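Below: one structure, written as structure tokens.
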């Protein structure tokens, strides 16, 4: 057994084990309620969560408005209703433990989500007394502390460097210091989902998290934050025995651990059986960092057929000029709409002709003055998805939407990306895991080799937490 003492999170003494919140609908009331009932922190994803009909079935999020702005308003309404229902159901599952202070429920929200502040305020307004904290990352959520404090809940910023936390603290969080529940350090090389790699960091050169977390604690101390405010290690956490030297370590102060990937394979996990089966087949190296996300962030996902198609799409890419200049002396004669003239190099002209011969006959412009070549069917899908945009992000590279002002990023929509709302909704509700974005942490290959999962065993959340506490 690993000797884990309870830690104080806000006003509660809790097991320092936290369920990572995973949207869309990869974490819901069943998983988060069960996790809270073990004495840790269960995390309801408030990222376009499901609501249910009278038969208990998820209500499809159908968008009927004709404009993006109208669909964006529908999305915000869906998001608030779904998250409120998930919180209420999760609280019911763990009500006895929660009322006794033996567990807690957080909600997780992405700051880069479209209408994030409105969704957060709408959910907290209708879940008073049920939610203990808000976990928030993906961007620089300066208003997180202010909003959380106004509803009397703790805030848990997700950061990937001491520098990011220092900026947040100085600009905003120091004004609501008493509501800081914990700081979540999400390892940008190991965590699943969107990652906080900066331009100064090399995605191919992972850094040891220990000195980065030690630096974070030093920054917190400089800011007057006591050592009993936990740092939550997130990303790459599987066996606690591998982190034993972090526990009760005076350099690091109070340390908790967040599990995002392991709870996917539990009986309470809401993800479809096909997704669960795929998790047991992942091998080391199958989870990769990529930059196709319409958020512009790096993200970690399984390199399945979906990602391979995006890789191949970007490889079928050439630069162009609208006038003959330099090496761009050859008129592109494939994939171009009538009346348009693009100049390319001789080698790129030959490559483009080769792609056209393979069926990639349509050239789509990118914001970087390049052309990508796709099939007519893929072009139609890309254009349809861009037209159907419902504003799920604050800024979307794929559709050029932004959730404020004139609702345009001012840049050309990027056909090298994809509609993230569409694919995450699909995989969470029975879509093919090979043909959709499948987020996962870089330790997911352990499902295949960890003896705990031998012979197809899928634990309950309680069994998983008990196993984690053994060190395994």
Taking 0.36 nm per residue of separation between residue 125 and residue 458 and subtracting their Cα-Cα distance, the length gained on full extension comes to 116.2 nm
Which of 395, 72, 245 has the fewest other C-beta atoms within 10 Å, and how do the rest follow up to the most? 245, 395, 72
Fewest Cβ neighbours within 10 Å first, please rank 449, 219 accordingly. 449, 219
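Relative contact order of the range 239-376, please, whole-number percent, based on alpha carbon pairs below 8 angstrom and at least 6 residues apart.
Once normalised by length, the contact order is 15 percent.
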Expressed in nm to one decimal, what extension gain is obtained for the pair residue 407 and residue 448 from 0.36 nm per residue of sequence separation less their Cα-Cα distance? 10.3 nm
Which value in nm describes the separation of the simple spin-label points at residue 466 and residue 435, placed 7 Å from the Cα toward the beta carbon? 4.1
Pairwise centroid distance, computed over Cα atoms, of the range 207-257 with the range 133-153, Å: 21
If the label point is 7 Å along Cα→Cβ of residue 365, which residues in the range 378-420 have backbone nitrogen under 13 Å from it? 411-415
Computed over the chain, the convex hull of the Cα set has an average projected area, in nm², of 23.6
With R₀ set to 25 angstrom, the calculated FRET efficiency between the beta-carbons of residue 329 and residue 358, to the nearest 0.05, is 0.50
So, R0 is 45 Å and r is the distance between the beta-carbons of residue 350 and residue 77; what FRET efficiency does that work out to, to 0.05? 0.30
What is the fewest-to-most order of 408, 300 by other Cβ atoms lying within 10 Å of their Cβ? 408, 300
Can you work out D for the range 2-143 in µm² s⁻¹ from Stokes-Einstein, where Rh is the Kirkwood radius over C-alpha pairs, the temperature is 25 °C and the viscosity is 0.890 mPa s? 159
Once the piece of chain linking residue 336 and residue 6 is laid out straight, how much longer is it, given 0.36 nm per residue of separation minus the C-alpha distance between them? 112.4 nm
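Taking only DSSP H segments of four or more residues, each worth -39500 (n - 2.57), what value at 222 nm results for the chain once the sum is divided by all its residues, to the nearest 500 deg cm²/dmol?
Value at 222 nm, helices only, nearest 500: -9000 deg cm²/dmol.
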Kindly list the residues of the range 199-228 that lie in the label zone of residue 315, defined by a backbone N under 20 Å from the point 7 Å along the Cα-to-C-beta vector. 204
For residue 223 paired with residue 150, estimate the spin-label separation in nm (one decimal), with each label point 7 Å from Cα along the Cα-to-Cβ line. 2.1
Can you grab the distance from the C-alpha centre of the range 58-100 to the C-alpha centre of the range 382-413, Å, no decimals? 22
Relative contact order, percent, the chain [alpha-carbon distance under 8 Å, six or more residues apart]: 17
Dividing the mean separation of Cα pairs under 8 Å (6+ apart) by the residue count of the range 186-291 yields a relative contact order in percent of 25
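Computed from the mean reciprocal separation of all distinct C-alpha pairs, what Kirkwood hydrodynamic radius does the range 305-428 have, in Å?
Numbers: mean 1/r = 0.0645 Å⁻¹.
Here the Kirkwood hydrodynamic radius works out to 15.5 Å.
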Distance in nm between residue 303 and residue 142 label points, each 7 Å along Cα→Cβ, equals 3.9
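Every read-out reported here was derived from the displayed coordinates using simple, explicitly stated rules and does not represent laboratory data. This is a predicted model, so every value here is computed, not measured. Reconstructed Cβ throughout: ideal geometry from the backbone, glycine too, with neighbour counts over all protein chains shown.
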